[in-house]
Structure formats: structure tokens, C-alpha cells
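Please read the structure below before turning to the comments.
The values are calculated or read from the model by the stated rules, or taken from the named source; none is laboratory data. Computed from a prediction, not measured in an experiment: that's the story for all the values here. Positions of Cβ are backbone-derived with ideal geometry, glycine not excepted, and every protein chain shown enters the neighbour counts. Side chains are part of the model used for accessible areas, which takes the heavy atoms of the whole protein and leaves out ligands, DNA and RNA. Shrake-Rupley method; radii C 1.70, N 1.55, O 1.52, S 1.80 Å.
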Amino acid sequence: MKTYSNKTFTCFKKLVLFVSVLLLSSSFYSCRDDYPYDNKEPEGLGSSIYGYLNDNGNYTVTVRLIEDLKYKDVLNLTGSKTLFVANDDAYKEFFKNNAWGVTRYEDLTLDQKKSLLKFSMLNNAYTIVKLSNYNIDGILIEETAMRQETALAPIDNVSFEKGDKLPTSSFWNSYRDKGIYLVKDNTPKTIVYFTEEFINKAGFSNDDFSTLTNGKIRTKNDMYVFDKKVTGKNIRCKNGYIHVLESVLVPPPNMGQYIQENPSTKIFSKLLDRFCVMVYDNASTLLYKNQHPEFSDSIFIKSYYASNGGVTRPLDNHHVEIINAQPVKNLLPFNPGWNGYRSEALEADMAAMFVPTDEAMNNYFNSGIGAILKDRFGSWDNIPDDIILPFIKRHMRNSLRESVPSRFSKMVDSENYALPVQKGHIVSSFLASNGNVYITNEVLVALQASNSPD
């Protein structure tokens, strides 16, 4: 057998290594040289979101919003976006009648334009089916999502308010004449939707859905955003998906806003205002100043003393929570002005409130159990906070999924007292950005529950 010296063997190894490296380098070069998408986009993906809308010709208002807000490049390049759009016919109807009183595009303010575009935009690409899924701690949870954060940032809607636009509590009196810059909350507004997958998983009946949307009738595989039907699904673009709505989507207020602005719920709103506070928001102030160098004031959050999502401790003279102070005694169960409300995952649920009309509040106060309060205190204003708080808490629910008509008979309050809500008590329903507000013709008087909830 022929043997080789160590020197010869070492030379042989070097030769093999050299040839291997040469072949590998050639292979890498060849792969990169032949890769077809270095200088062009893959075929079959269609146009961009902007390109599709612009080429279609029936979305000129949306295209104008995109261009005016300088989102053309964002929606023209590859990326991951989902956009809910309304066509030009829907905008014609919108300009005939809307809460803003705007009759033509040219009269829209910058904030209104941002609301129309950015509230309809999600910062990921979702088909209708995928909208019902979400991830938590890296785990995929399927068919249980009903909400997503939108691209509408809190500082996109800074308002200057004074007088009767502010909460009625004395806490706000120092700003009632001079006014204050507010964001209603410093978390992004969420879009609420109902997919077939969610409806089935949550066990919502057709009556549940109809009640939430004030009479809308859905059939199998229908998709709704708030109370607006999706008429065109899963239009695939190279940078995301477009879903077409039957009418223009405008950001709804949160629960706290809606209750304050509703002319039929002034008494309950005034009770809720006792727990409403202004909190200085340094981050929003600095960010807004960066975008608007001429701005030299401060921005505050409209918040509430609440154990979930609100203020839990007293505020100092600068309207900042005193971290090392003892917690405030009277706390709402959650902050009704918190756009990002969550009891667990944001996507899977939101809150609910049952808010009696002024007529219902007066009827309660002048008869039955409520008359005892009137005899003792004379008016709603004179009732102490520690008595008012349990009354308000009885009307606040942590989970909308457990507060739809098909579950009314099982509802109890935090003290395990039954809540005698009936479908006939619901005057109207409002899907806010963070929960649903049921307007009722009855006050929820607690009844002793015979059993714990299932």
C-alpha cells in the first residue's frame, strides 16, 4: 500500500479546499445572477393599493385623500396594508348628510381627512378570514378577533374645548373659560368588525348582531365593519388588501364621548363626569410640537379614575398622577374613554355599558327604590360618590361578548346580583370604538342572584 508524507497530504487538503471554495463561489454567483426579482417585481400580484384605486376610476375621493395626506408612496410601494374604502357613489351620499355638516370635499379639515383615510387603514395585510385571528405571545388564536388598532394616531385629532363641551365636574372649572387642548385618549382608535368566523365562535345569534347594529340583518358569510357591510372582499394588491364598504366609515367616539354628547343621557353623563379627570400628556405634547412647531401649549388626556385603563392615584398641580400616593378610593371598573380598552386581549373583546335615558333616571328617582335616594338627598347632585359609584358600576360591563341579548338572562353584577335586563329595555345601541353603549328605558336595579353565572 502506497503511503503519503504529511507534507504531501497537507498539500492535497489545500487543493481540495481551494476547488471547493471555487465551486461554491461560482454557485453563489450563478444563483444571484439568475435571481429574477432583483430588478423587477413578481408577476401575478396585481397593482399596488394606490394603483388599483387610481386606475379603477370609481374611488377618486379616496385617491384624493391619499394624495393630499402624502400617502401615495406608502400605498404605492410593497409593504403590508389593509384598506377599507368607499366608492364615489358612497361619498356622494356622505356629503349629502354627515355629522360634520360637510357638503363637499373642499370643506374637509385636515383632521377630518386624516380620520377618513387613516381610520380605514390597518398596518398589516389581512384577508377577511385572517381578520378573525390574532397573535398573543407568539401563539395564534383563531376565529376570536373583533377589533384591530388602526393607523389613526391620537394626535391626528387634537381638539380645543371649553365651556359646556367640557365635563361638568368642578375639576374642569379652571379651563371652562380659557379652554384646553385635548386628546380623548392617547391610544389608537380601534376598528370593530364582525366576520362569519367570529360570529360562529362567539355564539352570537342573528338577534344579537341586529341589536348591536340597530336592525342590520346579516346572512351567512356577511362581513360588517361596525354597522357597514363589506360589499367587496379581498381585492389582492402587491402591498396588501382592499375591502370595499357600502358607505363611508367615520371614526365613532369612544363610550365616554358618546354618553357625554348624547342629548338623552345627560343625567347619567353628569354622574360619570364626577370621575372624569384631565391628565397632562407629555409625549403627545412633544410629538405634536414636533409636527406643529408653532404650537406652544400643552395637550391633556380626558381620562377617568378607574382601576382598568384609567387614573388610580391623585394628580399633582401639573395634572400628573402621583405614583407614590395611596390609590384613590372611588374607582370605576374601567375607563370608558380608553380607546385601547382590554380586559384580556384587545382583539378578542371590548366593554359594554347600559345607560338609562334621562326619562328613565327621573322615573327611577321619583318612584320605588329610587325615591328613597330622593327623600334622603333631594337630587342626584347631592348623592355622595361612594353611593353613586355602585350605581354606575352596575351599568358597566367588562365584556361585550357576555353582554349581548342572548346572554342577558345570565348577567350579574360584581356582587353577584342579577341584572334584570330585557331586550325590550333597549332603546338603541351604539358601537363605539372601545365598547357598545346600550341606551335603556330602565335603570338596572339589582336583584339577588339565586345562582352564580355559568
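Here are the numbers:
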read-out	value
Calculated Rg and Dmax of the chain using C-alpha coordinates, Å	28.3, 117
Karplus (6.51, -1.76, 1.60) ³J(HN,Hα), θ = phi - 60°, over segment 271-278, in Hz, Gly and Pro reported as x	5, 5, 4, 4, 9, 8, 10, 9
Distance violations [Cα-Cα > 30 Å] among Lys228/Lys302; Lys229/Lys393; Lys72/Lys162; Lys165/Lys201	Lys229/Lys393; Lys72/Lys162; Lys165/Lys201
Positive-pole candidate from Asn157, Leu346, Pro167, dipole of the chain, charges at beta carbon	Leu346
Segment 164-280 pair-distance distribution - Cα-Cα, 5 Å bins, rounded %	2, 8, 15, 15, 15, 12, 11, 10, 7, 4, 1
Space enclosed by the convex hull of the alpha-carbon atoms of segment 229-293, per residue, Å³	189
Net charge over other residues, Cβ less than 13 angstrom from the Cβ of Ile426 (K, R count +1; D, E count -1)	-2
Rg/Rh (Cα only; Kirkwood hydrodynamic radius) as it applies to segment 141-204	1.24
Cα→Cβ-extended label distance, 7 Å offset, between Ser205 and Ser409, nm	0.9
Pairwise label distance in nanometres, Gln291 with Val320, each label 7 Å out on the Cα-Cβ vector	2.3
Mean projected area in nm² (Cα convex hull; one quarter of hull surface) for segment 210-337	13.0
Portion, in percent, of the accessible area of the chain that falls on carbon or sulfur, probe 1.4 Å	50
The chain: relative contact order in percent, alpha carbon pairs under 8 Å with at least 6 residues between	15
Inter-label distance for Tyr280 and Asp164, nm, one decimal - labels placed 7 Å from Cα along Cα-to-Cβ	3.2
Per residue accessible area in Å² of segment 149-199, where ligands, DNA and RNA are left out and the probe is 1.4 Å	39
Contour minus Cα-Cα distance for Ala153 and Glu359 (0.36 nm per residue)	70.4 nm
Percent of beta bridges antiparallel (DSSP, the chain, rounded to nearest 5)	70
Positive minus negative residues near Ile301 (Lys, Arg vs Asp, Glu; Cβ under 12 Å)	-1
Rh (Kirkwood; distinct C-alpha pairs) - segment 65-182, Å	17.5
Amide H contacts of Glu143 (H built 1.01 Å from N, under 5 Å, at least 5 apart or other chain)	Asn133, Tyr134
nm² value of the averaged projected area, convex hull over the Cα atoms of segment 351-454	7.0
Eligible aspartates and glutamates near Lys92 by straight Cα distance, threshold 18 Å, same-chain separation 8 or greater	Glu106, Asp107, Glu246
q = 0.17, 0.19, 0.21 Å⁻¹, segment 301-418: log10 I(q)/I(0) [Debye, one scatterer per Cα]	-1.04, -1.18, -1.27
Pairwise centroid distance, computed over Cα atoms, of segment 245-301 with segment 156-229, Å	12
Surface per residue (accessible, 1.4 Å probe) for segment 67-121, Å²	52
GluC sites (Glu not before Pro) within segment 345-454, DSSP loop, no more than 12 other Cβ atoms inside 10 Å	Glu415
Neighbour net charge for Ser205 - beta-carbon separation under 15 angstrom, K R +1, D E -1	+3
